[in-house]
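A quick write-up on the structure given underneath.
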Ligand SMILES: NC(=O)c1ccc[n+]([C@@H]2O[C@H](COP(=O)([O-])OP(=O)(O)OC[C@H]3O[C@@H](n4cnc5c(N)ncnc54)[C@H](O)[C@@H]3O)[C@@H](O)[C@H]2O)c1
């Protein structure tokens, strides 16, 4: 079975390539290296003993996408990670986000639509729920108006896939991730944020290693037990494994609908201060941080109801927050040594 992984050299994609190869799939990666490096291939090889096929191309180039599918007509499934993902940048440069996250998706679906049947997995996000009214968040919670062009590309992406699946041989699974963190336990691959990290955990580890002076904690007056925002942090290896399970569900025709949606989280909410505590515990050092005013756009509380993923998909997380944090910290130490 040959699987195309777009964005397969990025953070979540690279961990998924490892899990796919461990399960015996042949993987071909598309990446334009806009947010990753070719060295990731070496990391994947060090873990699995095998380098995936690699096609360096930009999915915004329609003819390149067409040529790829001519060359690799035998692809049995596609896991589509490639996208731009910085929320703040998307506010300043919306067209970059609409071009990269929407055009690329359309070009891939145009090729898959030509096939009698095709299996497609899409990286979506819990941001589609905005501030959900009830916790934990299940898949029936209302999708709220997007708060950024990035968030909007995920909502539009889900709609495009749903519309196309209705009139084609495409079966799809939309995976709504909560907050992926951590690195592979081998520390051969991990997250490589370019510039100032947008997410909490890489900011913490970069502060811990001395690259950043201190972490800003945006608000401690939220209606949560310690006043800081709560999120659902999921180990990237657990998340990667969910993609393999979802793919097998499509390949084995176990899906109940042409498009299915699953939340991927741990089901446990952790506050910013709890995440800092986890870091201090695994690193044995104090973290420099400062409480500052709330930041616009942050929701108070978001954690997943994992019932559907557990019972229908047959997947659940295995790692704790501390294990994920420990892997993130080891990875930070390795890349700075
Ligand atoms: N990391 C998160 O917190 C998070 C949360 C929810 C959803 N997601 C989604 O998951 C997916 C993967 O996220 P990630 O954290 O691994 O991001 P990432 O930036 O590490 O990986 C994305 C990869 O796609 C590549 N890419 C981007 N545009 C491309 C193009 N036009 N052509 C070819 N390759 C291209 C990049 O070079 C990169 O290697 C994205 O769709 C993202 O929106 C991520």
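Quick note: the coordinates plus some simple rules give every number you see, no bench work behind them. Given the structure is predicted, the values throughout are model-derived calculations rather than measurements. Here the Cβ positions follow ideal geometry from the backbone for every residue, glycine too, while neighbour counts run over all protein chains shown.
Enumerate the residues in the stretch 15-30 having an amide nitrogen under 14 Å from the point lying 7 Å beyond the Cα of residue 335 toward its Cβ. Label zone hits: 15.
For the pair the stretch 232-268 / the stretch 37-109, the C-alpha centres are spaced 20 Å from each other.
The distance between label points at residue 140 and residue 311 comes to 1.1 nm (points 7 Å beyond Cα on the Cα→Cβ vector). For the chain, the longest principal axis of the C-alpha atoms and the axis of helix 62-71 are separated by about 60°.
Give me the percent of DSSP beta bridges within the chain that run antiparallel, rounded to the nearest 5.
Working: 2 of 42 bridges.
Counting DSSP beta bridges with both partners in the chain, the antiparallel share is about 5 percent.
In plain terms, the residue of 80, 15 with the fewest other Cβ atoms within 10 Å comes first and the most crowded comes last, giving 80, 15. Compared with the dominant principal axis of the Cα atoms in the chain, helix 321-336 is inclined by about 90°. Quick one: angle between helix 200-209 and the longest Cα principal axis of the chain, in degrees between 0 and 90, rounded to 10, please. Between helix and principal axis, roughly 60 degrees. Using a/c under 1.5 as the rounded threshold, could you call the stretch 24-125 rounded, prolate or oblate? The axes a ≥ b ≥ c are square roots of the C-alpha gyration tensor eigenvalues, and prolate needs a/b larger than b/c, oblate otherwise. Since a/c reaches 1.5 but b/c is at least a/b, the shape of the stretch 24-125 is classed as oblate.
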